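The values are calculated or read from the model by the stated rules, or taken from the named source; none is laboratory data. Fair warning: this is a prediction, and the values are worked out from it, not measured in the lab. Cβ atoms come from the backbone with ideal geometry, glycine included; neighbour counts cover every protein chain shown.
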Amino acid sequence: MTFHALTIVLGWTAVGLGLVSVATQLRRLALRGVDGVSLATWVIFVYMGLFWITYGAVARSPEIVLGSLIVLPVQLSILYRLAPWRHARVVAQSFLFFALFTIVPTYLGGWSDGVYGIGLAMSITRGPQILELIRSRDASGVSASSWALSAVGASLWMIYYVGARLWAPFVATGLAGLASLTIAALAFWRHEEARRRLEIEAAFSA
(Lines give C-alpha, C1' and ligand atoms only; values in the text may rest on other atoms or scores of the structure.)
Protein backbone atom coordinates (compact mmCIF):
# COMPACT_ATOMS: atom_id res chain seq x y z
CA MET A 1 0.00 0.00 0.00
CA THR A 2 1.38 3.41 -0.97
CA PHE A 3 1.55 6.26 1.55
CA HIS A 4 -1.15 8.13 -0.38
CA ALA A 5 -3.48 5.13 -0.23
CA LEU A 6 -2.76 4.76 3.49
CA THR A 7 -3.67 8.39 4.14
CA ILE A 8 -7.00 7.88 2.35
CA VAL A 9 -7.75 4.88 4.57
CA LEU A 10 -6.79 6.89 7.66
CA GLY A 11 -8.99 9.75 6.49
CA TRP A 12 -12.04 7.49 6.32
CA THR A 13 -11.06 5.96 9.67
CA ALA A 14 -10.99 9.47 11.13
CA VAL A 15 -14.49 10.05 9.73
CA GLY A 16 -15.72 6.97 11.58
CA LEU A 17 -13.96 7.96 14.80
CA GLY A 18 -15.49 11.42 14.61
CA LEU A 19 -18.96 9.92 14.45
CA VAL A 20 -18.27 7.54 17.34
CA SER A 21 -16.78 10.37 19.39
CA VAL A 22 -19.78 12.67 19.04
CA ALA A 23 -22.25 9.80 19.49
CA THR A 24 -20.47 8.86 22.73
CA GLN A 25 -20.95 12.39 24.06
CA LEU A 26 -24.63 12.35 23.05
CA ARG A 27 -25.16 9.04 24.84
CA ARG A 28 -23.57 10.39 28.02
CA LEU A 29 -25.81 13.46 27.89
CA ALA A 30 -28.84 11.20 27.57
CA LEU A 31 -27.75 9.12 30.57
CA ARG A 32 -26.16 11.72 32.88
CA GLY A 33 -27.60 15.10 31.89
CA VAL A 34 -25.84 18.25 30.70
CA ASP A 35 -23.87 19.18 33.83
CA GLY A 36 -20.41 20.45 32.94
CA VAL A 37 -21.10 20.67 29.19
CA SER A 38 -20.35 24.04 27.55
CA LEU A 39 -23.07 25.41 25.26
CA ALA A 40 -20.67 27.87 23.58
CA THR A 41 -18.30 25.06 22.60
CA TRP A 42 -21.01 23.02 20.89
CA VAL A 43 -22.64 26.00 19.16
CA ILE A 44 -19.32 26.86 17.54
CA PHE A 45 -18.72 23.19 16.66
CA VAL A 46 -21.86 23.33 14.52
CA TYR A 47 -20.73 26.54 12.82
CA MET A 48 -17.31 25.01 12.18
CA GLY A 49 -18.84 21.85 10.77
CA LEU A 50 -20.57 23.95 8.13
CA PHE A 51 -17.25 25.65 7.34
CA TRP A 52 -15.42 22.32 6.91
CA ILE A 53 -18.17 20.99 4.63
CA THR A 54 -17.76 24.04 2.40
CA TYR A 55 -13.96 23.87 2.49
CA GLY A 56 -13.98 20.15 1.71
CA ALA A 57 -16.10 20.80 -1.36
CA VAL A 58 -13.66 23.48 -2.53
CA ALA A 59 -10.66 21.21 -1.83
CA ARG A 60 -12.46 18.32 -3.60
CA SER A 61 -12.03 16.07 -0.58
CA PRO A 62 -15.00 13.75 0.06
CA GLU A 63 -13.37 12.70 3.36
CA ILE A 64 -13.44 16.27 4.69
CA VAL A 65 -17.01 16.85 3.49
CA LEU A 66 -18.39 13.61 4.93
CA GLY A 67 -16.27 13.96 8.07
CA SER A 68 -18.36 16.97 9.07
CA LEU A 69 -21.60 16.13 7.27
CA ILE A 70 -22.03 12.76 9.00
CA VAL A 71 -21.53 14.11 12.52
CA LEU A 72 -23.59 17.27 12.00
CA PRO A 73 -26.98 15.68 12.90
CA VAL A 74 -25.48 14.25 16.10
CA GLN A 75 -23.94 17.62 16.98
CA LEU A 76 -27.33 19.23 16.44
CA SER A 77 -28.89 16.63 18.76
CA ILE A 78 -26.37 17.56 21.47
CA LEU A 79 -27.07 21.24 20.87
CA TYR A 80 -30.81 20.63 21.21
CA ARG A 81 -30.29 19.08 24.64
CA LEU A 82 -28.37 22.20 25.71
CA ALA A 83 -31.42 24.38 24.83
CA PRO A 84 -29.65 27.15 22.86
CA TRP A 85 -32.95 29.03 22.38
CA ARG A 86 -32.76 29.93 26.08
CA HIS A 87 -29.33 31.49 25.61
CA ALA A 88 -29.63 33.69 22.52
CA ARG A 89 -26.75 35.88 23.67
CA VAL A 90 -24.37 32.91 23.78
CA VAL A 91 -25.45 31.82 20.29
CA ALA A 92 -24.96 35.35 18.90
CA GLN A 93 -21.58 35.81 20.59
CA SER A 94 -20.48 32.42 19.29
CA PHE A 95 -21.37 33.41 15.73
CA LEU A 96 -19.43 36.67 16.02
CA PHE A 97 -16.43 34.73 17.28
CA PHE A 98 -16.74 32.25 14.42
CA ALA A 99 -17.08 35.05 11.85
CA LEU A 100 -14.05 36.90 13.20
CA PHE A 101 -11.77 33.85 13.01
CA THR A 102 -13.08 32.16 9.86
CA ILE A 103 -15.43 34.16 7.62
CA VAL A 104 -13.40 37.38 7.73
CA PRO A 105 -9.97 35.74 7.09
CA THR A 106 -11.47 33.62 4.28
CA TYR A 107 -13.00 36.70 2.65
CA LEU A 108 -9.84 38.79 2.95
CA GLY A 109 -7.11 36.22 2.30
CA GLY A 110 -8.69 33.11 0.81
CA TRP A 111 -9.36 29.59 2.06
CA SER A 112 -5.90 28.96 3.53
CA ASP A 113 -6.19 31.99 5.80
CA GLY A 114 -9.67 30.88 6.78
CA VAL A 115 -8.42 27.40 7.67
CA TYR A 116 -5.57 28.79 9.79
CA GLY A 117 -8.16 30.99 11.46
CA ILE A 118 -10.46 28.06 12.16
CA GLY A 119 -7.50 26.14 13.61
CA LEU A 120 -6.96 28.88 16.16
CA ALA A 121 -10.70 29.10 16.74
CA MET A 122 -10.99 25.31 17.19
CA SER A 123 -8.48 25.53 20.02
CA ILE A 124 -10.02 28.60 21.63
CA THR A 125 -13.56 27.20 21.41
CA ARG A 126 -12.48 24.27 23.52
CA GLY A 127 -11.47 26.87 26.11
CA PRO A 128 -14.98 27.24 27.63
CA GLN A 129 -15.16 23.48 28.09
CA ILE A 130 -11.69 23.43 29.67
CA LEU A 131 -12.64 26.28 32.03
CA GLU A 132 -15.93 24.57 32.87
CA LEU A 133 -14.06 21.44 33.87
CA ILE A 134 -11.60 23.42 35.99
CA ARG A 135 -14.18 25.42 37.93
CA SER A 136 -17.02 22.89 38.17
CA ARG A 137 -16.67 19.79 40.33
CA ASP A 138 -19.63 18.17 38.56
CA ALA A 139 -18.58 17.01 35.10
CA SER A 140 -20.99 14.09 34.87
CA GLY A 141 -22.26 15.21 31.48
CA VAL A 142 -18.80 15.33 29.87
CA SER A 143 -17.53 12.17 28.19
CA ALA A 144 -13.77 11.72 28.65
CA SER A 145 -13.74 8.90 26.10
CA SER A 146 -15.49 11.10 23.53
CA TRP A 147 -12.81 13.78 23.77
CA ALA A 148 -10.04 11.16 23.76
CA LEU A 149 -11.45 9.70 20.55
CA SER A 150 -11.57 13.22 19.15
CA ALA A 151 -7.85 13.62 19.86
CA VAL A 152 -7.07 10.28 18.19
CA GLY A 153 -9.20 11.27 15.21
CA ALA A 154 -7.28 14.55 14.96
CA SER A 155 -4.03 12.58 14.75
CA LEU A 156 -5.41 10.49 11.87
CA TRP A 157 -6.62 13.62 10.07
CA MET A 158 -3.15 15.12 10.39
CA ILE A 159 -1.63 12.12 8.60
CA TYR A 160 -4.32 12.40 5.92
CA TYR A 161 -3.54 16.09 5.41
CA VAL A 162 0.17 15.29 4.98
CA GLY A 163 -0.73 12.87 2.19
CA ALA A 164 -3.09 15.40 0.61
CA ARG A 165 -0.52 18.20 1.05
CA LEU A 166 -3.08 20.36 2.83
CA TRP A 167 -0.85 22.16 5.34
CA ALA A 168 -3.33 24.69 6.70
CA PRO A 169 -5.77 21.97 7.86
CA PHE A 170 -2.78 20.01 9.24
CA VAL A 171 -1.86 22.88 11.58
CA ALA A 172 -5.50 23.63 12.43
CA THR A 173 -6.27 20.03 13.31
CA GLY A 174 -3.11 19.67 15.38
CA LEU A 175 -4.10 22.62 17.57
CA ALA A 176 -7.62 21.27 18.01
CA GLY A 177 -6.37 17.77 18.81
CA LEU A 178 -4.13 19.08 21.59
CA ALA A 179 -7.05 20.97 23.12
CA SER A 180 -9.28 17.87 22.89
CA LEU A 181 -6.63 15.82 24.67
CA THR A 182 -6.58 18.43 27.45
CA ILE A 183 -10.36 18.17 27.87
CA ALA A 184 -10.19 14.37 27.96
CA ALA A 185 -7.57 14.49 30.72
CA LEU A 186 -9.54 17.03 32.77
CA ALA A 187 -12.80 15.09 32.37
CA PHE A 188 -11.11 11.86 33.46
CA TRP A 189 -9.71 13.68 36.51
CA ARG A 190 -13.15 15.04 37.46
CA HIS A 191 -14.77 11.61 37.02
CA GLU A 192 -12.11 10.03 39.22
CA GLU A 193 -12.72 12.72 41.86
CA ALA A 194 -16.45 11.98 41.78
CA ARG A 195 -15.82 8.25 42.07
CA ARG A 196 -13.59 8.76 45.11
CA ARG A 197 -16.17 11.02 46.78
CA LEU A 198 -18.82 8.35 46.33
CA GLU A 199 -16.52 5.71 47.80
CA ILE A 200 -15.83 7.89 50.85
CA GLU A 201 -19.52 8.66 51.33
CA ALA A 202 -20.35 4.96 51.05
CA ALA A 203 -17.67 4.10 53.61
CA PHE A 204 -19.02 6.61 56.14
CA SER A 205 -22.62 5.54 55.63
CA ALA A 206 -21.82 1.83 56.01
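At-a-glance table
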{"read-out": "Candidate set from region 75-105 (those that are over 20 Å from Ser150 (Cα atoms), hydroxyl-bearing (Ser, Thr, Tyr) and touching a residue at least 12 places away in the same chain (Cβ under 8 Å)); member that is surrounded by the fewest Cβ atoms within 10 Å (Cβ to Cβ)", "value": "Ser94"}
{"read-out": "Met158, sole failed condition from (1) modelled with pLDDT under 85; (2) in contact with a Gly (Cβ under 9 Å, 6 or more places away or on another chain)", "value": "(1)"}
{"read-out": "Contacts under 6 angstrom Cβ, first residue in region 11-25 being of a type in the set (S, T, N, Q), partner surrounded by fewer than 18 Cβ atoms within 10 Å (Cβ to Cβ), 6 or more apart", "value": "Thr24/Ser145"}
{"read-out": "Criterion violated by Ser123 - all others in (1) of a type in the set (Ser, Thr, Tyr); (2) surrounded by fewer than 22 Cβ atoms within 10 Å (Cβ to Cβ); (3) modelled with pLDDT of 85 or more satisfied", "value": "(3)"}
{"read-out": "Evaluation of Arg60 against (1) modelled with pLDDT of 80 or more; (2) in a helix (DSSP H, G or I) (one fails), failing number", "value": "(2)"}
{"read-out": "Close pairs (6 angstrom Cβ cut-off, 6 or more residues apart or separate chains): at pLDDT 75 or above in region 191-206, of a type in the set (Lys, Arg) and part of a helix (DSSP H, G or I) anywhere", "value": "none"}
{"read-out": "Tabulated pairs, region 106-129, first outside any helix (DSSP H, G or I) and among the aliphatic types (A, V, I, L, M), second at pLDDT below 85 and surrounded by fewer than 21 Cβ atoms within 10 Å (Cβ to Cβ), C-beta under 7 angstrom, 6+ apart or interchain", "value": "none"}
{"read-out": "Search result, residues across region 1-39 that are assigned to a helix (DSSP H, G or I), farther than 19 Å from Val74 by Cα and over 17 Å from the mean Cα position of the chain (by Cα)", "value": "Phe3, His4, Ala5, Leu6, Thr7, Ile8, Val9, Leu10"}
{"read-out": "Residues (surrounded by fewer than 22 Cβ atoms within 10 Å (Cβ to Cβ), of a type in the set (Ser, Thr, Tyr) and over 15 Å from the mean Cα position of the chain (by Cα)) located in region 129-160", "value": "Ser136, Ser140"}
{"read-out": "Given (1) farther than 23 Å from Thr182 by Cα; (2) touching a Phe, Trp or Tyr at 6+ places or on another chain (Cβ under 9 Å); (3) crowded, with 19+ Cβ neighbours inside 10 Å, index of the condition Gly56 fails", "value": "(2)"}
